[in-house]
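In what follows, a structure is listed as structure tokens, so that the remarks can point back to it.
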Amino acid sequence: MSRFGTALRDLYHERTNYQFIERSWRWAVLSGVLIAISFGALAIRGLNFGIDFTGGTAWEVQVEGDRPSTNAVRDALRPFGIADAKISFREDRGSGSTTLLVQATEHEGEERRDVAGSLEEFGTIQAISEVGPTWGESVSRQAWRALVAFFVAIGIYLALRFEWRMSAAALVAVFHDIIITVGAYAILGAQVAPATIIAFLTILGFSLYDTVVVFDKVKEYEETLGAERTDTYSDMVNRALNRVLSRSLNTTLTSVLPILSIMIVGVWYLGAVALSDFALALLVGVVVGTYSSLFVAAPVLAWINERRPKHRALRERSAGGRGRGGRQPVGVRAGVEDVGALAAAEREAVADRIEPQPDVGADVGAEAEARGPSAPTPSPKPSPASTSGITPRPRRQRRRKRR
Amino acid sequence: MRRPGLFLVGTLVVVLGWFGVTLALGNAPILGLDLQGGISVVLVPVDDADTDTLDVAVDIIRNRVDALGVAEPEITRQGGRIIVDLPGVRERDQAAALVGQTAELRFRPVVGCLPAEGDESATTTTTTAAAAEPPTDTTAPEEPTEVPTTPRSDDVVDQPVVLEGLEPCQPADESQGIPELPRYELGPTSGCVPDDLDQCVTGRAVDTARSEFATGQGYLVTVDFTGDGGTAFIERVATPNVNQRVAIVLDGIVQSAPVIQPDVVSGGGGSVQISGDFNESQASDLATVLRFGALPVELETETIQNVSPTLGNDQLRAGIAAGIIGLLLVAGYMLLYYRALALVAIAGLVLTGIWIYAVVAYLGDTIGLTLTLAGATGLIVSIGITVDSYVVYFERLKDEVRTGKTLRSSLQRGFQRSFRTILAGDVAALIGAGVLYWLAIGSVRGFAFFLGIATLLDLIITFFFMHPMTIFLTRSRRLMTARRIGVAAALDRPELEA
């Protein structure tokens, strides 16, 4: 079995133990470089705003004969580099005459006439005029205002649902994604249309959703914190990330598949310029969004949290524990809220890559739960699997914790 | 979950029923300008106007059309003309009416109230009108004869006029035998500079207006003025008319006629409140008129044309084909990874899909919602999020099953835990969609609307369908234990029994 095959197998059976946090400096460097490139590209090349933002030139052609296909018009425009122009046909209800309207970004005198000459194959040129932006300043201003409110609202929600540190880390990750996606646009020189803004917003939503799922897992695993003497907050986060990894990859794949398909079809039908540009923004964003949930949001969270006194104490204890010869069971003091998490913590503690036995501790927990809050606490029996000495806390305590 | 079958049947009945009704009524989603085209209204200024003025008009028209619904219009200035492309509008008249309101908002003092045109019985009661509530410090009109309503062409700034109002000038009072007097007798426009009638205080003085609910006072409309506008309003409109009614006139119709309270003048002029017996929609309509009422130029309709889709049929077809291929790939991948369990996800996706279709068709019919490329993208992303809900759930099930629990308790707990996660993610998406919908305009608003709907439906399907369906599926021994493709294999515990 190849290394890659083993890795996939581990992933499927959730036996991975990648060091996300310990090696986070690598990701920090990678993200830093990507962000630097993005800013560089933005500064040097800038964004290629489409006609909806900048305004441009409109050619009006009185169509003679049959109405040409949009693709034919696009082909005629391609030599001038404006195949992404807006093309529409307007039919006067009274006279029944059809006008071809082509709108494209600013072109100077000479070229305007050349384009007009090329368009003459479809009819007679009626007018060449300049066009104002449809997405003017006021629309942008409203959009910015909405975006700021969006961040504030989401930030508050995440702070309430989880904690402010997670909220901060999630927002850092989202900004990271937006910067890199915008940077990709600048590098590729793809045209920014209103649909692009939508794509950016989409990425925002996707990235946030992904981060929420990851943090939900981390929150759940907080209960296993300190399961061993050497356990630190970062170790705990790392554990959670390994368990959420297959979910993240699956989600990314299922999101990327439709987007890739749009891109490929877009390239196939050369006409579908708008679609393929749009799909490109989405593709970059979705991939970066998943990356950032695991490699930006989580390490940032770990970094913030390691600075809290109680987690710093854990780290100091951990350093001491490691100094005295590695992993030592701590005993009953570790409370585990969730039996799934318990099993995971145990697997960590016992050894990597050993299929967990159906462990007594977990079953006791499940029974205790089934019996409800008034059930007597089962005495923690040592079980073959729970060498770390973790025992489930009785239900009553757990409930208090949850509130 | 006690009765999974009940939930399952209930969900199916609701969704398929809705879908069936949609098909039976022949409703289909209205496609936006980019996908289906629409009607284009070309407006030209009556007098010459510079491009800056036209750009201001473009903004105002956009706000006005946006405020009417969620259809995404495209409004451009092209040369000296304004082109308004409206999706989902079938009638020329409707299109023209949507963009045709071009007069300016003005303020006129109320001189008196008049009976409806041609209503002779009420002519004698004009004197009572002055004394009656609401307090109008007015003098009764001299002549009790028929006073015609001023036609639009005679609605001149510096002449008195008689106009209809949205609300009667003086409501009827049965107990005192006072009949309703619907028409307003108005003085010359307030706030004009005597030598220069173009310098009147108009809707441009209003920065923004909003309806609010205040305890004890009911619905109010708060009006914020621009700096100069506020000063001009206080000096030239409010001060001369303290304790009198001033009518807010747009398009020859009195929108409202509040009494100017003395503290408006002393208040400085940053903002004022209009109170009255408003209900919620009256207050918000008035606020809309105050915000967007005034166009800086008078425009007239040049032509009304049909407009072809801007994206083109080729792109639409390519997009649909790509979407279908993408979905098939997703289904294939899910089957590969989650074996028999994937059936739940695929069934759920199909169900969510047809429900979204039905809801979008319904909203297209009722509030003119149009589906654009941007909206469709919101939907595609929501497919990602919908699939994600299933992945989160399945992965959670695997976690639970791995700890050695029975299938029954794994399903129960797995659903509880994963639904918390899904809820957290979906609520974040809903908050985002809500904020963008309320604050943004144009295509961003359309996107937010669709993202919101799809997320909400996903949440409902997740709760009422995904879990019951899984329980249902695992009851089949064959599906459960089939080698390699069964649910047990998918959950990474081939020996698991139902």
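The values are calculated or read from the model by the stated rules, or taken from the named source; none is laboratory data. Everything quoted here is computed from the prediction, not taken from an experiment. Positions of Cβ are generated from backbone atoms using ideal geometry, with glycine treated the same way; all protein chains shown enter the neighbour counts.
A Cβ distance below 6 Å, combined with a sequence gap of six or more or placement on separate chains, defines the contacts here; from the stretch A:205-220, residues that are within 7 Å of chain B (Cβ to nearest Cβ) reach residues that are of a type in the set (S, T, Y) and surrounded by 24 or more Cβ atoms within 10 Å (Cβ to Cβ) in the pairs A:V213/B:T421; A:D216/B:T421. Please verify whether B:L166 is surrounded by 20 or more Cβ atoms within 10 Å (Cβ to Cβ) and touching a residue at least 40 places away in the same chain (Cβ under 8 Å), treating the condition exactly as stated. Judged against the criteria, B:L166 is not a match. Is the stretch A:179-198 home to any residue that is on the phi > 0 side of the Ramachandran plot and either within 7 Å of chain B (Cβ to nearest Cβ) or assigned to a loop (DSSP other than H, G, I, E, B) (or both)? Checked against the condition, which is being on the phi > 0 side of the Ramachandran plot and either within 7 Å of chain B (Cβ to nearest Cβ) or assigned to a loop (DSSP other than H, G, I, E, B) (or both), the stretch A:179-198 yields at least one hit. Return a yes/no flag: does the stretch A:61-73 have any residue that is at pLDDT 85 or above, polar (S, T, N, Q) and not assigned by TED's automatic domain parsing to the domain that holds A:V192. Yes, the stretch A:61-73 contains a residue that is at pLDDT 85 or above, polar (S, T, N, Q) and not assigned by TED's automatic domain parsing to the domain that holds A:V192.
Would you pick out the residues in the stretch A:94-147 that are part of a loop (DSSP other than H, G, I, E, B) and farther than 30 Å from B:R445 by Cβ? Across the stretch A:94-147, the qualifying residues are A:G94, A:S95, A:G96, A:S97, A:H107, A:E108. Only one of these is surrounded by fewer than 21 Cβ atoms within 10 Å (Cβ to Cβ), more than 30 Å from B:I61 (Cα to Cα) and assigned by TED's automatic domain parsing to the domain that holds B:I346: B:L457, B:L439. Name it. Answer to the selection: B:L457. In the stretch B:148-162, the qualifying residues are those that are in contact with a strand residue (DSSP E or B) (Cβ under 9 Å, 6 or more places away or on another chain) and modelled with pLDDT of 75 or more, and the one that is surrounded by the fewest Cβ atoms within 10 Å (Cβ to Cβ) is B:P148. With respect to being hydroxyl-bearing (S, T, Y), in a strand (DSSP E or B) and not assigned by TED's automatic domain parsing to the domain that holds B:L439, B:T149 falls outside the description.
This table checks each residue for (1) at pLDDT 85 or above; (2) of a type in the set (A, V, I, L, M, F, W, C); (3) assigned by TED's automatic domain parsing to the domain that holds B:V246; (4) over 26 Å from the mean Cα position of the chain (by Cα).
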position	(1), (2), (3), (4)
B:T11	yes, no, no, yes
B:G17	yes, no, no, yes
B:V21	yes, yes, no, no
B:V58	no, yes, no, no
B:G69	no, no, no, no
B:R81	yes, no, no, yes
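With respect to B:S410, determine if the residue is buried (at least 24 other Cβ atoms within 10 Å of the Cβ), under 36 Å from the mean Cα position of the chain (by Cα) and more than 8 Å from chain A (Cβ to nearest Cβ). Taking the combined requirement at face value, the residue does not satisfy it. Given the criteria farther than 22 Å from B:P309 by Cα and surrounded by fewer than 21 Cβ atoms within 10 Å (Cβ to Cβ), does A:D114 qualify? Yes: the conditions hold for A:D114. If we keep just the residues of the stretch B:169-189 that are in a loop (DSSP other than H, G, I, E, B) and modelled with pLDDT under 80, which is surrounded by the most Cβ atoms within 10 Å (Cβ to Cβ)? Taking the candidates together, the pick is B:T189.
Is there any pair with a first residue in the stretch A:152-167 that is facing another protein chain (nearest Cβ under 10 Å) and crowded, with 19+ Cβ neighbours inside 10 Å and a second that is of a type outside the set (G, A, S) and part of a helix (DSSP H, G or I) whose Cβ atoms are under 7 Å apart and which are 6 or more apart or on different chains, and what are they? As it stands, the answer is A:I154/A:L208; A:I154/B:I431; A:Y157/B:V427; A:Y157/B:I431; A:L158/A:M166; A:F162/A:F215; A:F162/A:K219, since those pairs meet every condition given. Being assigned by TED's automatic domain parsing to the domain that holds B:I471, surrounded by fewer than 24 Cβ atoms within 10 Å (Cβ to Cβ) and more than 20 Å from A:S248 (Cβ to Cβ) is the requirement here; does B:G348 meet it? Yes. For the stretch B:394-407, the criterion of being in a loop (DSSP other than H, G, I, E, B), crowded, with 21+ Cβ neighbours inside 10 Å, of a type in the set (K, R) and free of Cβ contacts under 8 Å to residues at least 24 places away in the same chain is met by at least one residue.
Put simply, of A:L47, A:L119 the only residue that is in contact (Cβ under 8 Å) with a residue 40 or more places away in the chain, within 18 Å of B:T310 (Cα to Cα) and of a type outside the set (G, A, S) is A:L119. Of the residues making up the stretch A:113-127, one or more are of a type outside the set (F, W, Y) and facing chain B (nearest Cβ under 9 Å). Taking B:V360, is it surrounded by fewer than 24 Cβ atoms within 10 Å (Cβ to Cβ) and part of a helix (DSSP H, G or I)? Here the answer is no, as B:V360 does not meet what is asked. Applying the criterion of at least 3 residues that are touching a residue at least 60 places away in the same chain (Cβ under 8 Å) to the helices (runs of 4 or more DSSP H) found wholly in the stretch B:422-498 leaves B:443-461, B:467-474, B:487-490.
Inspect all residues belonging to the stretch B:408-421 and state whether any of them is at positive phi and either of a type in the set (A, V, I, L, M) or at pLDDT below 90 (or both). No, the stretch B:408-421 has no match at all. Within the stretch B:440-469, the set of residues being of a type outside the set (V, I, T), within 14 Å of chain A (Cβ to nearest Cβ) and in contact with a Lys or Arg (Cβ under 9 Å, 6 or more places away or on another chain) comprises B:A440, B:G442. Counting the residues of the stretch B:332-346 that are away from every other protein chain (no Cβ under 14 Å) and in contact with a helix residue (DSSP H, G or I) (Cβ under 6 Å, 6 or more places away or on another chain) gives 2.
Of the residues screened, B:V237 is one that is within 18 Å of B:R106 (Cβ to Cβ) and surrounded by 16 or more Cβ atoms within 10 Å (Cβ to Cβ). Total residues in the stretch B:2-13 satisfying the condition of being surrounded by 14 or more Cβ atoms within 10 Å (Cβ to Cβ) and hydrophobic (A, V, I, L, M, F, W, C): the figure is 3. Restricting attention to the stretch A:52-84, the residues that are in a loop (DSSP other than H, G, I, E, B) and facing chain B (nearest Cβ under 10 Å) total 3.
Per-residue answers, yes or no, for (1) touching a Leu at 6+ places or on another chain (Cβ under 7 Å); (2) in contact (Cβ under 8 Å) with a residue 60 or more places away in the chain:
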residue: A:T196; (1), (2): no, yes
residue: A:G226; (1), (2): yes, yes
residue: A:R243; (1), (2): no, yes
residue: A:S255; (1), (2): no, no
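Is there a residue in the stretch A:46-60 that is over 30 Å from A:Q126 (Cα atoms) and loosely packed, with under 15 Cβ neighbours inside 10 Å? Yes, that holds for at least one residue.
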